[in-house]
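Read through the structure below, which is laid out as structure tokens, and then see the notes.
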Amino acid sequence: AKPNKGYHFKEWEVISGGVTIKDDKFLMPNDNVEVKAIFEEDTPPAPTEHTVTVTSGGNGTASASPAKAVAGAEITLSATPDKGYHLKEWQVESPTGLVITNNKFTMPDTNVAIKAIFEEDAPPAPTEFTITVKTDGNGTASASHAKAVVGTEITLTAKPNKGYHFKEWEV
């Protein structure tokens, strides 16, 4: 018995003749014999699941859900940065051409390797304050900086007009 593509031979069925078939053979009786070959459809193979490996360059953790899937499944990536860091980008290590959009991608028919790249948060810009120096009109005065952040040393300079002397700074 030779099955068609997608089928396999299951067994012989004796329709008439009262024979017993063993190892595809029987002894011919003194009568007509009718047998029937029974075929069954092959069970389709289970789709192959591939793995998603997510690593981190440090400064946080990352994962994929699900971590194992068949081609065509939607995979969601998650990243948890350490304090003081944020997710900069997802780097596809393999396969080339895989596109991640909004932390998601469609599983290809192969294993996937992705790396989460974390970047240190930028320190907040220091607040600058303006320094204004005024006089009573009998000389000039200035500060070493027009603007400065907290903790900057400021030097004040006063130059009195002729006939005057510097007495004091008034806040």
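Suppose we filter E170, E89, E74 for residues that are farther than 30 Å from A46 by Cβ and at pLDDT 90 or above; which single one remains?
Only one candidate qualifies: E89.
Kindly establish whether E128 is more than 30 Å from Y7 (Cβ to Cβ), within 15 Å of the chain's Cα centre (by Cα) and not aliphatic (A, V, I, L, M). Outline the logic, then answer.
Values: more than 30 Å from Y7 (Cβ to Cβ): yes; within 15 Å of the chain's Cα centre (by Cα): no; not aliphatic (A, V, I, L, M): yes.
It is false that E128 is more than 30 Å from Y7 (Cβ to Cβ), within 15 Å of the chain's Cα centre (by Cα) and not aliphatic (A, V, I, L, M).
Could you count how many residues in the range 16-30 are closer than 17 Å to A1 by Cα and open to solvent by 100 Å² or more (accessible area, probe 1.4 Å)? Before the answer, list the steps.
First, the residues of the range 16-30 that are closer than 17 Å to A1 by Cα: 20-26.
Remaining after also requiring open to solvent by 100 Å² or more (accessible area, probe 1.4 Å): 20, 22-25.
Selection size over the range 16-30: 5.
Hey, does the range 58-66 have a residue that's at pLDDT below 95 and out of contact with any strand residue (DSSP E or B) (no Cβ under 6 Å at 6 or more places or on another chain)?
yes
Just need a number here: residues in the range 65-106 that are within 16 Å of T53 (Cβ to Cβ), loosely packed, with under 14 Cβ neighbours inside 10 Å and over 13 Å from the mean Cα position of the chain (by Cα).
Residues meeting the conditions: 3.
Are there any pairs, at least 6 apart or on different chains, whose C-beta atoms fall under 9 Å, with the first in the range 135-155 and in contact (Cβ under 8 Å) with a residue 24 or more places away in the chain and the second surrounded by fewer than 14 Cβ atoms within 10 Å (Cβ to Cβ) and among the basic types (K, R), and if so, which?
Pairs found: G139/K159.
If H145 meets every condition in (1) surrounded by 14 or more Cβ atoms within 10 Å (Cβ to Cβ); (2) in a strand (DSSP E or B) apart from one, which number is that one?
Result: H145 passes all but (2).
In the range 110-134, what count of residues is obtained for those that are exposed (fewer than 14 other Cβ atoms within 10 Å of the Cβ), of a type outside the set (D, E, K, R) and closer than 30 Å to L156 by Cβ?
Selection size over the range 110-134: 8.
Write out, first by first residue and then by second, each pair whose Cβ atoms fall under 6 Å of each other, whose residues are 6+ apart or on separate chains, and whose first residue, in the range 1-25, is closer than 10 Å to E40 by Cβ while the second is open to solvent by less than 80 Å² (accessible area, probe 1.4 Å) and of a type in the set (V, I, T).
Matching pairs, first to second residue: K10/I38; E11/I38.
For the range 7-104, please list each of the strands (runs of 3 or more DSSP E) lying entirely inside it that holds at least 2 residues being in contact with an Asp or Glu (Cβ under 9 Å, 6 or more places away or on another chain).
Passing ranges, in order: 7-16, 34-41, 49-56, 60-65, 68-70, 85-94.
Would the range 32-54 turn up any residue that is of a type in the set (A, V, I, L, M, F, W, C), without any contact (Cβ under 8 Å) to a residue 24 or more places away in the chain and open to solvent by less than 40 Å² (accessible area, probe 1.4 Å)?
No, the range 32-54 contains no residue that is of a type in the set (A, V, I, L, M, F, W, C), without any contact (Cβ under 8 Å) to a residue 24 or more places away in the chain and open to solvent by less than 40 Å² (accessible area, probe 1.4 Å).
Can you confirm whether N59 is surrounded by 14 or more Cβ atoms within 10 Å (Cβ to Cβ) and among the polar types (S, T, N, Q)? So that I can check it myself, show each step before the final result.
Values: surrounded by 14 or more Cβ atoms within 10 Å (Cβ to Cβ): yes; among the polar types (S, T, N, Q): yes.
Here the answer is yes, as N59 does meet what is asked.
The values are calculated or read from the model by the stated rules, or taken from the named source; none is laboratory data. Values in this document were obtained by computation on a predicted structure and should not be read as measured data. All Cβ positions, glycine included, derive from the backbone under ideal geometry; neighbour counts span all protein chains shown. These accessible areas exclude ligands, DNA and RNA; they are computed on the full protein's heavy atoms, side chains included. Shrake-Rupley method; radii C 1.70, N 1.55, O 1.52, S 1.80 Å.
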